[in-house]
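So the structure is just underneath, and the comments pick up after that.
The values are calculated or read from the model by the stated rules, or taken from the named source; none is laboratory data. What you are looking at is a predicted structure, and each value in this text was computed from that prediction instead of being measured. Note: ideal-geometry Cβ built from the backbone for every residue, glycine included; neighbour counts use all protein chains shown. Ligands, DNA and RNA are stripped out before the accessible areas are found, and what is left, the full protein with its side chains, is counted by its heavy atoms. Shrake-Rupley method; radii C 1.70, N 1.55, O 1.52, S 1.80 Å.
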Amino acid sequence: MTDNDLAILIRAQLLAGLARIGVTAAVVANYQPTTQGRVYGPTIYFHHVADRRYGWQGKRQVYDPLQGRITRTEEQIIETTFQCMALAEADPSDLSKPTAKDLVNYAALVINSASFVEALKPRGVGVQRIMSIRNPYFVNDQGQFEASPSFDFVVTHRRAIIEQAPAANSVEVNTFRV
């Protein structure tokens, strides 16, 4: 599974999960290759942090006698860490609006939900764990303090390379003196 396939799958399931629980927020991939600017309104951002190769690379060969070829597959289990963060404008006059930390907590609940996990399973993706939620502050573009809560979560998936090679038609064994 490629990075883009994984990000598209996670975003779609996160949007679906938030809709199921009645939370309205944009879900955007952070650090786009083109300048996007800040999305105003409740927004959950996520981005890829790291890949960790888990275990040994598996190798298998299958011979196809009809084609006279050998298919070699090498596969690696990958643990991919994503970071999920949120921004939401605080409005002291309307305390019913969810804060950025509320959005991050909802996203964590959705990602750990049975619906999310079951939706990813057929695609060979497993949700491993969600790390602690951090809540740092920064000075925004209007000179105000704003929270930027975030958490990391880990999913597992597989990456594979497949090669085709012609099979040997004959093998000649010789024994020589040394």
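Pairs needed: first member in segment 88-116, touching a residue at least 12 places away in the same chain (Cβ under 8 Å) and within 26 Å of Ala12 (Cβ to Cβ); second member anywhere, hydroxyl-bearing (Ser, Thr, Tyr) and in a helix (DSSP H, G or I); C-beta distance under 9 Å; at least 6 residues apart or different chains.
The qualifying pairs are Pro98/Tyr106.
Quick one: is Val49 over 25 Å from Gln76 (Cα atoms) and of a type outside the set (D, E, K, R)?
no
From the set of residues in segment 94-151 that are within 14 Å of the chain's Cα centre (by Cα) and part of a loop (DSSP other than H, G, I, E, B), which is farthest from Ile44 (Cα to Cα)?
In this case the residue turns out to be Gly124.
Among the residues of segment 148-175, how many are of a type in the set (A, V, I, L, M, F, W, C) and surrounded by 17 or more Cβ atoms within 10 Å (Cβ to Cβ)?
Of the residues in segment 148-175, 4 are of a type in the set (A, V, I, L, M, F, W, C) and surrounded by 17 or more Cβ atoms within 10 Å (Cβ to Cβ).
Within segment 93-118, how many residues are open to solvent by 90 Å² or more (accessible area, probe 1.4 Å) and farther than 20 Å from Glu146 by Cα?
Total meeting the criteria: 3.
Working only within segment 48-92, note down all residues that are within 30 Å of Thr24 (Cβ to Cβ) and either open to solvent by less than 60 Å² (accessible area, probe 1.4 Å) or of a type in the set (A, V, I, L, M) (or both).
In the first step, residues of segment 48-92 are kept if they are within 30 Å of Thr24 (Cβ to Cβ); the result is 48-49, 80-92.
Within segment 48-92, Val49, Thr80, Thr81, Phe82, Gln83, Cys84, Met85, Ala86, Leu87, Ala88, Ala90, Asp91 meet the criteria.
When segment 1-34 is examined, which residues are found to be farther than 22 Å from His157 by Cα and part of a loop (DSSP other than H, G, I, E, B)?
Within segment 1-34, Ile21, Gly22, Val23, Thr24, Ala25, Tyr31, Gln32, Pro33, Thr34 qualify.
Only one of Gln83, Gln76 is in contact (Cβ under 8 Å) with a residue 60 or more places away in the chain, touching a strand residue (DSSP E or B) at 6+ places or on another chain (Cβ under 6 Å) and more than 25 Å from Arg20 (Cβ to Cβ); which?
Gln76
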